[in-house]
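Novice: The structure follows.
The values are calculated or read from the model by the stated rules, or taken from the named source; none is laboratory data. Note that this is a predicted model, so its numbers are computed, not measured. When we count neighbours, we look across all protein chains shown, and the Cβ atoms used for this are built from the backbone with ideal geometry, even at glycine. Just the protein is used for accessible areas: all its heavy atoms, side chains included, with ligands, DNA and RNA removed. Shrake-Rupley method; radii C 1.70, N 1.55, O 1.52, S 1.80 Å.
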Amino acid sequence: QAWSTQWPAEGRAEAHQQLADWVKAHGAKVLVGTPVTCDAAADLVSWQWTKELLQVLEPGYVMGLAVGNELELLYSQEGIDSNCITELWGGGRLWSTFTSRVAEFDQMGFGSIPVTSVFTAAVLDGNPFLEDPSKGLVNTFLKQATAKYHTRFAFTFNIYPYFDPNLKMNLGTTTDCSLALHQASCWDSTTCLGPAIMVSARNKIQQLTGSPASLFWVGEIGWSSPRASALGTDMESCEAFSSLETFQTFYKGFLEWDFTLAGVAPPDHVFYFTLRNALNFGQQEYFGLINSCESMACKIASPGFEAEQCEVTPPGGDG
């Protein structure tokens, strides 16, 4: 997201330039997102801000453009009118917005850069993907996107074993979740949820496209500690599930994962979620490796560790 109405407008150009300077100094690439919501006018303002950022980044430093994020969950948000969902999917507003944004993106010189729309792993519950007019016609959208953009289109899914609704307590207990906890937090077995969901995603992508090597990104994967307020599964009653120890286990497993999957090609890119704690649809989550932008230390630290203050050198400065 290039900017927010909650941030001071006078700081936007400087912030964009500072980001571009850092990206270019370090040879990084940015996945740039622009929202699609029930407020088309606000979406257009956000898109203008996105284009401002793209102009200072330049094509060589942009990994992709994501138009819309987790839109199959929009129906469940408070205050959302069902007419908006109908217009977005059945009425074609998502598709027309997507193609319009990509056309402008191309006119700006980004015609070879991948494009995507991000969904959660919940859309894997379909044949091959979710197709429910009351929630989202995701299968139809993905068919349209791959037919028009071919291999340029990236399938992007946010994968969260942490929120898996199928996780249950150990039999005979209401507080012990050791079996589910291991399945959700491990990385070294075909039964581990994170890798298993990626395998399912890869197979479903192939079912849709016929190719075992379509562009596949994991937009988010991570763990929350303390417990995320949005956790509404049985794991809500298991103290160990959202403990800092489990948070560390999951992150350590991710770092040690060799990027292989059983029988299928791995994702082309995985984003770990995330650097700092944040709100999501107004609900507090704790997926960050640090608590806030002002934090000097990681949440995972050795006993007695104290972070030292450090001086940050601005891009292009000495030091």
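Novice: How many nm separate the modelled label positions at Asn280 and Glu308, each set 7 Å beyond the Cα in the direction of the Cβ?
Specialist: Output for this residue pair reads 3.6 nm.
Novice: So for the chain, taking the charge dipole from beta-carbon charges (+1 Lys/Arg, -1 Asp/Glu), which of Ala28, His16, Ile290 sits furthest toward the positive end?
Specialist: It is Ala28, whose Cα lies furthest towards the positive end.
Novice: For every other residue with a beta carbon closer than 11 angstrom to the beta carbon of Ser214, add +1 if it is Lys or Arg and -1 if Asp or Glu, then tell me the sum.
Specialist: +2
Novice: Have a look at Gln6, Gly91, Ile80 and report the one farthest towards the positive end of the charge dipole of the chain, computed about the Cα centre with Cβ charges (Lys/Arg +1, Asp/Glu -1).
Specialist: Of the candidates, Gly91 comes out farthest on the positive side.
Novice: Summarise the accessible area of the range 36-133 (1.4 Å probe, protein heavy atoms) by the percent that is carbon and sulfur.
Specialist: The computed percentage sits at 50.
Novice: Send over a whole-number figure in Å² for the accessible area per residue of the chain, probe 1.4 Å.
Specialist: That works out to 51 Å² for each residue.
Novice: Using Cα positions and a limit of under 27 Å, work out the lysines in reach of Lys135, with same-chain residues fewer than 8 apart set aside.
Specialist: Lys143, Lys148, Lys168, Lys204
Novice: In addition: Under 15 Å from the 7 Å Cα→Cβ point of Glu256, by amide nitrogen: which residues of the range 177-191?
Specialist: Counting only backbone N, you get 182-183, 185-190.
Novice: Additional query: So if I take the centroid of the Cα atoms in the range 183-235 and the same for the range 10-36, what is the distance between those two points in Å?
Specialist: Answer, in whole Å: 28.
Novice: About its Cα centre, what dipole magnitude does the range 99-186 give when the only charges are +1 on Lys and Arg Cβ and -1 on Asp and Glu Cβ, stated in debye to the nearest 20? All intermediate terms of the calculation are to be shown ahead of the outcome.
Specialist: On the way: 6 positive and 7 negative charges, 43 e Å.
The dipole of the range 99-186 has a size of about 200 debye.
Novice: Nearest-5 percent of antiparallel DSSP beta bridges in the range 85-229?
Specialist: 10 percent
Novice: Using r as the Cβ-Cβ distance of Leu208 and Ala41, and R0 as 25 Å, what FRET efficiency do you calculate, to the nearest 0.05? Mind dumping the intermediate values first?
Specialist: Values: r = 33 Å, r/R0 = 1.32.
About 0.15, to the nearest 0.05.
Novice: OK, next. What helices does the chain hold that run 20 Å or longer along their axis, going by alpha-carbon atoms, with a Kyte-Doolittle average of -0.5 or more, using DSSP H for the helix calls?
Specialist: 40-57, 193-209
Novice: Taking H as built 1.01 Å from N, whose amide H comes closer than 5 Å to the amide H of Leu289, not counting residues under 5 places away?
Specialist: The list, which skips near neighbours in sequence, is Thr274, Leu275, Arg276.
Novice: For an R0 of 25 angstrom, estimate the FRET efficiency from the Cβ-Cβ distance between Glu87 and Ala147 and round to the nearest 0.05.
Specialist: Calculated transfer efficiency: 0.65.
Novice: If you don't mind, another one. When we measure straight from the Cα of Lys299, which lysines land under 17 angstrom away, once same-chain ones fewer than 8 places off are left out?
Specialist: Answer for Lys299, where 17 Å is the Cα cut-off: Lys252, listed by chain and number.
Novice: Could I ask something else about it? Could you sort Tyr149, Tyr286 by their accessible area in this structure, using a 1.4 Å probe and putting the largest first?
Specialist: Tyr286, Tyr149
Novice: A further question on this structure: Taking a temperature of 37 °C and a viscosity of 0.692 mPa s, what whole-number D in µm²/s does Stokes-Einstein yield for the chain with Rh from Kirkwood over alpha carbon pairs?
Specialist: Values: Rh = 21.2 Å.
It comes out at roughly 155 µm²/s.
Novice: Same structure again: Picking from Leu71, Leu289, Leu179, which is most flexible by a Gaussian network model of the chain using Cα springs under 10 Å?
Specialist: Sorting by GNM fluctuation, first place goes to Leu179.
Novice: In percent, how large is the relative contact order of the chain, given Cα pairs closer than 8 Å and 6 or more residues apart?
Specialist: Taking the mean separation of contacting Cα pairs over the length of the chain, I get 13 percent.
Novice: While we're here: According to a simple spin-label model (label point 7 Å from Cα along Cα-to-Cβ), what is the distance in nm between Ala301 and Ser189?
Specialist: 3.4 nm
Novice: Note down the relative contact order for the range 1-115 as a percent, whole number, built from C-alpha pairs under 8 angstrom at least six residues apart.
Specialist: 28 percent
Novice: Compute and list, largest first, the equivalent-ellipsoid semi-axes of the range 49-122 from the alpha carbon gyration tensor, each √(5λ) rounded to a whole angstrom.
Specialist: Over the Cα atoms of the range 49-122, the ellipsoid semi-axes are 27, 13, 11 Å.
Novice: Please quote Rg/Rh for the range 10-161 to two decimal places, taking the Kirkwood radius as Rh and restricting both calculations to Cα atoms.
Specialist: Ratio of gyration radius to Kirkwood radius: 0.98.
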